[in-house]
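Written out below as structure tokens is the structure these notes cover.
The values are calculated or read from the model by the stated rules, or taken from the named source; none is laboratory data. The structure displayed is predicted, hence computed values, not measured ones. With ideal geometry, Cβ positions are generated from the backbone for all residues, glycine too; neighbour counts draw on all protein chains shown. With ligands, DNA and RNA removed, areas are computed over all heavy atoms of the protein, side chains included. Shrake-Rupley method; radii C 1.70, N 1.55, O 1.52, S 1.80 Å.
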Amino acid sequence: MLEMKDVSSAYGRAHILYDLSLSANRGEVVVLLGRNGAGKSTTLKTLIGLVRPLAGEISFDGRRIERLEPYEIARLGLGYVPEERRIFTDLSVMDNLEVGRQAPRTGAPRWTPEKLFELFPNLADMRERRGAHISGGEQQMLTIARTLMGNPSAILLDEPSEGLAPVIVEQMARTILELKQEGLCVLLSEQNLHFANLVADRAYIIEKGHIRYQGTMTELAANAQVRATYLSV
Amino acid sequence: MSLSAIFVQLLNGLASASSLFLVAAGLSLIFGVTRIVNFAHGSLYMLGVYTAYSLVKTFGGGILGFWGAVLAAGLIVGVFGALVERLLLRRLYRAPELLQLLATFALVLIIRDFALWAWGPEDLLGPRAPGLDGAVGIAGRRVPEYDLLLIALGPVVLGLLWLLLTRTRWGTLVRAATEDREMAGALGVNQSWLFTSVFALGAFLAGLGGAIQIPREPAVLTMDLSILADVFVVVVVGGMGSIPGAFLAAVIIGVLKAMCIGIGNVSAFGIDFSFSKLTLVVEFIVMAVVLVIRPWGLLGRSQGIPRGAASVEPPLHLPSPALLKGFAAALLALALLPLVSDRYTLVLLTDILVFALFAVSLHFIMGPAGMHSFGHAAYFGLGAYAAALLFKHALPMELALLLAPFAAGLGALAFGWFCVRLSGVYLAMLTLAFAQIAWSVVYQWDAFTGGSNGLVGVWPAQWLAGKTAFYYLALALCAGGILILWRILYSPFGYALRAGRDSPLRADAIGIDVRRQQWLGFALAGLFAGLAGAVYAFSKGSISPDSLSIPRSVDGLVMVLMGGIQTLTGAVAGAAVFTWLQDTISRQTEFWRALLGGIILFLVLVFPQGIAGFLRERWEARAGGSKG
């Protein structure tokens, strides 16, 4: 449902991605693994339109999207959860959700604040609290909840486990699996192989803007050499 | 002054505060979401006043006619604002912020001449509001009924805006986009329409704020920039983007101004002091005090760099050998020019040299140091006045010319100490405030500075009296000053300035005292602006308060931005083109402002990287093409 074909991206004169191709299907969790600066975030930003690709094709749900504005892509049902959380700190939790709200769409689960509070019980107690006044873990939950308010059929998660306490990381993994159960297509970037193993079906390994490896998580688990070359610190 | 008189002035101040608040709220909203400092906001206000005046004439002065006209004027200005946003500003959202500023300033020029064309140069006083043309007796004095209505209007609009921003989806999206518009976009918010609607609302408020003023104040052509200065102050004192802050600040400033008029002349300890003269500066003094104590305004919050808008400045390369040869050739050509050119050309060239140095000194702090000054003319004017005053007090012209820049430098040192404590748009506003304070001191101190007439008879020494001789003097001093400033940019101090601009925290961490470097840079720029001013004074033989007024500061901004802020030579190119254009056009047509504004808009849309930036890109493209 989400596919990149030979995509190249750059920030100004700095070339970041080279002829990148990848795909993710409905009901599938795909992880993009790689070290810091490998191009994971740029890949996701290119998909959502925040970085405009220099070349290549991106299609989502059968439509070409590489020339669309971010808001147009988001309205097609592709959700994006940024790495740095970027919740609206001046707005209450409810208002943050309101910003993400879009009309329900067929073929995608339909979310309401109440349904999201079941998924993220911590947030239910702080509906009117300002975004600036909730903890980092709660902020991370809120970013995901906010994106889900758009009723996406696919969701991009940029390093969702980064900087979270272990107990929250586990909760995050459960959440991702629940989204998969709902039939969403999930593409996440990660440095944490352990977390990836908990949630993902397939993996791509990216290094210096090139895809170096792709395979199922089981295949990756069996390939010690690839892990040593691209993932060990 | 009696208590009841104070009370009446208080009411008067509150009435003006309402209009001020409406306009300021519009500016604040627009800035919050689009990050555009809308210089044309005062022009929208002026359009509101004139439109309401004409509509009342058409509709008749009945209750329906009057209020219908006021409301319609607001709506017309709102629609006009939306059109401006969609047809013009929208093309510039990806351009550097300062270019948008330049575009809105071009609009100021165009709207000013439109008003001149449509309504003529005479002041127009509107009719009294029907049904509210009487006065009410309060505390034994008569207060106009209309003022009481205006006093109520401010809080009502504040309440409505608050409801709009907190209780509607539109308001939630506006607040979200104010904080992080890129993220709002990635969540499916169509910024394009949000921006247009915010612009329309802001313009509507400005137009309405103007329209309600027609029974109180005549429509005059200069009200665009005077209200703009007031409104900038209100927004900055209240806190950029804070609507309640704008209300609070409008009340404080409206009341203080009214009080100053009310108190009038006071004699204490044998010193006469005129409070009414203070009206011109009181708001700027409030602003300076507030910004030093609370750098983000009374109710504002510290604003980080807005997400998605942060641009990385390209490095300033050392001039290539080809460019250096170009400099040498240009200098040689300038030196030989008097052999072939006429008197008129020499006078124009002298002007260009003066403004080139002025623009380069402004570029010195704006570009490499990242401090955007809206009040650089203060130092130009200080230099000019210092030169004229020293000369008038019996110093030889050469000595006056030599000492004057240091007076400007000292002024910059004093003002700069406050300014470098701020950054971004707050710094820009504080520089504007200081320039306005300097202007009004010069404008009002008849005995010393000659007041609004300025000083005349500031002629150069005998051996420099000829136009050619003076041209060589200007060439030596201005080109010399420019070369010194450029040289400094490539010294360790220049690199430290750029480090402080690109990342103050990191620069601090490697041992650069960013604030101190900026302070020094600010003073240095003031010194050279003062040199330009001193040369200017002697070239004209007279000097008037215009030389440190807001329009002169804006001229400097236009030159720097037209040339291209991130290029070395841009300011010189911008100064030359601007000075030449202004001179040529103003002799062709009465509507030279509109023509100049049109040209600026054209340049902004076609060469968003500035003239010099455009030439450099072309050059690099050609060089790259021939290699590849």
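Quick look at the values:
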| item | result |
| --- | --- |
| Residue that is farthest from A:T46 (Cα to Cα), among those in region B:167-177 that are open to solvent by 40 Å² or more (accessible area, probe 1.4 Å) and either at the interface with chain A (Cβ under 9 Å from one of its Cβ atoms) or in contact (Cβ under 8 Å) with a residue 40 or more places away in the chain (or both) | B:R169 |
| Matching residues, region A:5-46, being in contact with a helix residue (DSSP H, G or I) (Cβ under 7 Å, 6 or more places away or on another chain) and not in a loop (DSSP other than H, G, I, E, B) | A:V7, A:S9, A:I16, A:L17, A:L20, A:V29, A:V31, A:L32, A:L33 |
| Test: residue in region A:38-52 that is away from chain B (no Cβ under 14 Å) and touching a Phe, Trp or Tyr at 6+ places or on another chain (Cβ under 7 Å) | no |
| Failed item, numbered, when B:L395 is tested on (1) farther than 24 Å from B:I565 by Cβ; (2) among the hydrophobic types (A, V, I, L, M, F, W, C); (3) assigned to a helix (DSSP H, G or I) | (3) |
| Residues of region A:118-131 satisfying the condition of being under 10 Å from A:M94 (Cβ atoms) and either modelled with pLDDT of 95 or more or surrounded by fewer than 16 Cβ atoms within 10 Å (Cβ to Cβ) (or both) | A:R127, A:E128, A:R129 |
| Residue in region B:338-347 that is part of a helix (DSSP H, G or I), touching a helix residue (DSSP H, G or I) at 6+ places or on another chain (Cβ under 9 Å), among the hydrophobic types (A, V, I, L, M, F, W, C) and at pLDDT 90 or above present | yes |
| Candidate set from region A:47-72 (those that are among the small types (G, A, S) and in a loop (DSSP other than H, G, I, E, B)); member that is modelled with the highest pLDDT | A:G49 |
| Residue ID - surrounded by the fewest Cβ atoms within 10 Å (Cβ to Cβ), chosen from residues in region B:591-623 that are in contact (Cβ under 8 Å) with a residue 24 or more places away in the chain and of a type outside the set (A, V, I, L, M, F, W, C) | B:G598 |
| Residue satisfying all of: in region B:447-484; open to solvent by 20 Å² or more (accessible area, probe 1.4 Å) and in contact with a Gly (Cβ under 9 Å, 6 or more places away or on another chain); nearest to B:L318 (Cα to Cα) among these | B:P460 |
| Hits in region B:617-628 (condition: of a type in the set (K, R) and modelled with pLDDT under 75) | B:R622, B:K627 |
| Of the criteria (1) more than 14 Å from B:I36 (Cβ to Cβ); (2) open to solvent by less than 20 Å² (accessible area, probe 1.4 Å), which one B:E85 fails | (1) |
| The lone exception for B:Q566 - which of (1) under 17 Å from B:S373 (Cα atoms); (2) crowded, with 22+ Cβ neighbours inside 10 Å it fails | (2) |
| Options A:G163, A:G150: the member that is small (G, A, S) and away from chain B (no Cβ under 14 Å) | A:G163 |
| Residue among A:I134, A:I155 that is touching a residue at least 40 places away in the same chain (Cβ under 8 Å), open to solvent by 10 Å² or more (accessible area, probe 1.4 Å) and within 27 Å of B:E179 (Cα to Cα) | A:I134 |
| Hey, B:T449 polar (S, T, N, Q), out of contact with any Pro (no Cβ under 7 Å at 6 or more places or on another chain) and assigned by TED's automatic domain parsing to the domain that holds B:L348 or not | yes |
| Residue satisfying condition, being of a type outside the set (F, W, Y), surrounded by 23 or more Cβ atoms within 10 Å (Cβ to Cβ) and in the same structural domain as B:Q436 (by TED's automatic domain parsing), within set B:G494, B:G533 | B:G533 |
| Listing of strands (runs of 3 or more DSSP E) fully contained in region A:140-233 that carry 2 or more residues being over 18 Å from the mean Cα position of the chain (by Cα) | A:210-216 |
| Residue list for region B:196-213, restricted to those being under 19 Å from B:G65 (Cα atoms) and either open to solvent by less than 10 Å² (accessible area, probe 1.4 Å) or part of a loop (DSSP other than H, G, I, E, B) (or both) | B:G207, B:G209, B:G210, B:A211, B:I212, B:Q213 |
| First in region B:268-293 and among the basic types (K, R), second anywhere and buried (at least 16 other Cβ atoms within 10 Å of the Cβ), Cβ under 7 Å, 6 or more apart | B:K277/B:Q444 |
| Complete set of residues in region A:50-66 that are in contact with a strand residue (DSSP E or B) (Cβ under 9 Å, 6 or more places away or on another chain) and either on the phi > 0 side of the Ramachandran plot or open to solvent by 50 Å² or more (accessible area, probe 1.4 Å) (or both) | A:R52, A:L54, A:G56, A:E57, A:D61, A:R64 |
| Test: A:S23 is open to solvent by 10 Å² or more (accessible area, probe 1.4 Å), in contact (Cβ under 8 Å) with a residue 40 or more places away in the chain, hydroxyl-bearing (S, T, Y) and more than 14 Å from every other protein chain (Cβ to nearest Cβ) | no |
| Tally of residues being within 12 Å of another protein chain (Cβ to nearest Cβ) and of a type in the set (A, V, I, L, M) across region A:101-123 | 1 |
| Which numbered condition A:P70 fails, given (1) crowded, with 23+ Cβ neighbours inside 10 Å; (2) out of contact with any Asp or Glu (no Cβ under 7 Å at 6 or more places or on another chain); (3) in contact (Cβ under 8 Å) with a residue 40 or more places away in the chain | (3) |
| Residue check, A:I73 within 20 Å of B:T168 (Cα to Cα) and among the hydrophobic types (A, V, I, L, M, F, W, C) | no |
| Subset of region A:73-100 (residues that are part of a loop (DSSP other than H, G, I, E, B), within 8 Å of chain B (Cβ to nearest Cβ) and charged (D, E, K, R)) | A:R86, A:D90 |
| Filtered residues of region B:424-448 (kept if among the hydroxyl-bearing types (S, T, Y) and at pLDDT 80 or above) | B:T431, B:S440, B:Y443 |
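Conditions tested, residue by residue: (1) farther than 21 Å from B:Y495 by Cβ; (2) among the polar types (S, T, N, Q); (3) open to solvent by 20 Å² or more (accessible area, probe 1.4 Å); (4) within 14 Å of chain A (Cβ to nearest Cβ).
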position: B:S320; (1), (2), (3), (4): no, yes, yes, no
position: B:G326; (1), (2), (3), (4): yes, no, yes, no
position: B:A329; (1), (2), (3), (4): yes, no, yes, no
position: B:V347; (1), (2), (3), (4): yes, no, yes, no
position: B:I365; (1), (2), (3), (4): no, no, no, no
position: B:A377; (1), (2), (3), (4): yes, no, no, no
position: B:L390; (1), (2), (3), (4): yes, no, yes, no
position: B:W417; (1), (2), (3), (4): yes, no, yes, no
